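Colleague: Could you have a look at this structure, given as structure tokens, before my questions?
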């Protein structure tokens, strides 16, 4: 049996290029598995299902080695498990040398092992570079004053009146935070800020 595996890092990324490449090999759609998550490890539900389904002498096709994963050590270990322990052939479409059906003699195995190690290293190095670029981009944005995360929950315009009513016992605490649309922690934080501002005015 021939299987295909597709991986994209996020739900927003497009998998069409990988899917088209696999369908051109006439792989049945039911035999194509796809995960939409990071390649940092192999804890991926569809990949696990695929590996459980494959048997000795089956063929696994992937578009490029980084679609299998981006962790150098884990790619090499997973390749060893698939090819040596499970007896499954693997074909990397973008790198014909990485096709375990060819060159199963000593020289062929030697060459494919070298290529695999180089490409696995490149895949992990790119993952590290992506994380570094993201961290640098976030740091640069913060330096420009860009704020990340949800915007702070501001108190309503009549916050002072509501606080006064609550302090006089005319509004329950539950009703107070409901009217303010805040969590308990946010309410107390805004209350401290409000009292500090009132004290500064005095």
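Here, each number is a calculation from the coordinates, and none is a lab measurement. Just so we're clear, the structure is a prediction, and the values are computed from it rather than from any experiment. Virtual Cβ from ideal backbone geometry, glycine too; neighbours counted across all protein chains shown.
Colleague: For mean projected area of the Cα convex hull in nm², pick the label among [x] 13.0; [y] 17.8; [z] 11.5 that corresponds to the value derived from the coordinates.
Modeller: Here mean projected area of the Cα convex hull in nm² agrees with entry [y].
Colleague: Angle, helix 184-201 long axis vs. longest principal axis of the chain, Cα atoms, 0 to 90°, nearest 10?
Modeller: Approximately 50 degrees, to the nearest ten.
Colleague: Extension gain residue 26-residue 97, at 0.36 nm per residue separation less the Cα-Cα distance, in nm? Walk me through the intermediate numbers first.
Modeller: On the way: separation 71, 0.36 × 71 = 25.56 nm, distance 2.10 nm.
So the extension gain works out to 23.5 nm.
Colleague: Using a simple spin-label model with points 7 Å from Cα along the Cα→Cβ vector, what separation in nm is obtained for residue 84 and residue 144?
Modeller: 4.9 nm
Colleague: What ranking do 136-144, 31-39 get when scored by the average of other Cβ atoms within 10 Å per residue, highest first? Can you show the working numbers first?
Modeller: Working: 136-144: 9.9, 31-39: 18.7.
Highest mean packing first, the order is 31-39, 136-144.
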